[in-house]
1. Expressed as a whole number of Å, what is the distance separating the alpha-carbon centroids of region 18-48 and region 246-288?
2. For the chain, set up a Gaussian network in which alpha carbons nearer than 10 Å are linked by springs, and say which option among 258, 268, 197 fluctuates the most.
3. Pop a pseudo-label 7 angstrom from the Cα along the beta-carbon direction at both residue 144 and residue 109 and give the gap in nm to one decimal.
4. Specify the residue with the greatest mean-square fluctuation among 97, 145, 83, computed from a Gaussian network of the chain linking alpha-carbon atoms under 10 Å apart.
5. Helix-derived [θ] at 222 nm for the chain: sum -39500 (n - 2.57) over DSSP H runs of at least 4, divide by residue count, nearest 500?
6. Taking the Cα atoms of the chain alone, what are Rg (to one decimal) and Dmax (as a whole number) in Å?
7. Scanning the chain for helices, which whole DSSP H stretches are 27 Å or more long along the axis (Cα) and average -0.5 or more by Kyte-Doolittle?
8. Whose amide H sits under 5 Å from the amide H of residue 48, counting only residues 5 or more places off or on another chain, with H placed in the peptide plane?
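Values quoted throughout were computed directly from the atomic coordinates according to the rules given, and no laboratory measurement underlies them. None of the values given here were measured: they were computed from a predicted structure. All Cβ positions, even for glycine, are placed from backbone atoms using ideal geometry, and neighbour counts span all protein chains on display.
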Amino acid sequence: MKGKPTSTSRAPGEPRSIGYLYVLPALAVYGLFLLYPFGQAVGLSFLHWDGLTRATSAGLDNYTALFTDPTLRAPFGHALILLVFYAALPVVIGLLLAATMSRIRVRGLTFFRTVLFLPQVLAMVVVGVAWRSILAPDGLLNDALRAVGLDGLARPWLGDDTWALPAVGVVGTWVMTGLCMVLFLAGAQRIPRELYEAARLDGAGAVREFFAVTLPGLRGEISVALTLTIIAGLRNFDLIYITTGGGPGNATSVPAYEVYHRAFELNEVGSAAAIGVALTVLIFALTVTVSRLVEGRRA
């Protein structure tokens with residue numbers, strides 16, 4: 001027969017020092033491969049250094065330039081615009097698709113789900129090469145427009161100052177929508193059927209049912225989807241490098257590409273490090289804000 005716990009009984013995980021020992025190996029790897037390089041990047045951001053000769057102190061010059069130099073501000077503006085395509089549109093489209101698929105019996109649902117998720121399992125290099133071919137002046141998109149008599153809409157999408165950034169953004173939407181849809185479909189299966197039945201007994205239609213039951217029930221999944229898509233949108237490098245190379249001019253340059261451009265092509269290592277640090281802070285601030293706004297009100 002088990003007796004009552006005494007005042008000297010240890011709670012699970014106590015003493016706390018034993019718990020720290022369990023996380024110590026992971027913390028060591030995290031510190032060695034992430035925190036230490038980040039600390040080095042912070043140190044480099046206060047230097048003028050071309051990567052070869054002796055570095056000199058730059059003070060806050062590299063950070064000041066982020067606010068005063070239009071060529072350094074522009075990539076951050078482009079990244080925020082791309083968040084509409086990488087985060088906002090995929091979440092909205094994913095919610096609509098998930099709500100439709102969970103409400104209406106769709107024949108071949110598994111096939112459609114697989115097709116929509118397929119971009120997530122493709123290497124971004126493959127995605128970039130394929131879409132560069134589709135959006136080329138003599139590519140599939142322009143051929144289709146000319147075939148239906150819309151010759152005036154045909155253009156070099158990736159070489160147009162106005163359309164290059166939205167064209168890259170559309171590719172991001174195509175890649176991220178499947179991920180959001182799968183997250184929302186999994187979350188929708190956890191919502192009790194009784195809530196839908198109660199809403200229908202109250203006379204709720206499809207739209208009211210979506211906003212009263214589905215949307216609140218998917219709050220956690222929306223937070224995860226926004227976090228993943230925001231990070232993917234802000235650290236976007238490979239797609240820009242393959243499709244536009246930051247051009248035309250710097251119309252599609254983003255912070256991650258600018259880090260590469262300045263460090264390895266212009267030999268401005270300090271400026272590149274400052275951009276990288278600012279990008280890290282921006283990602284951290286946005287993801288924490290999204291988590292607080294979406295998840296913080298669940299309690």
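1. 21 Å
2. Maximum among the listed residues: 197.
3. Placing both labels 7 Å along Cα→Cβ, they lie 2.7 nm apart.
4. Comparing 97, 145, 83 in the GNM, the peak value goes to 145.
5. -19500 deg cm²/dmol
6. Spelled out, the Cα radius of gyration and Dmax of the chain are 24.5, 86 Å.
7. Working: long enough: 164-188 (36 Å, 1.88); 269-295 (38 Å, 1.80).
What comes out of the filter, once short or polar helices are dropped, is 164-188, 269-295.
8. The answer is 56, 57, 58.
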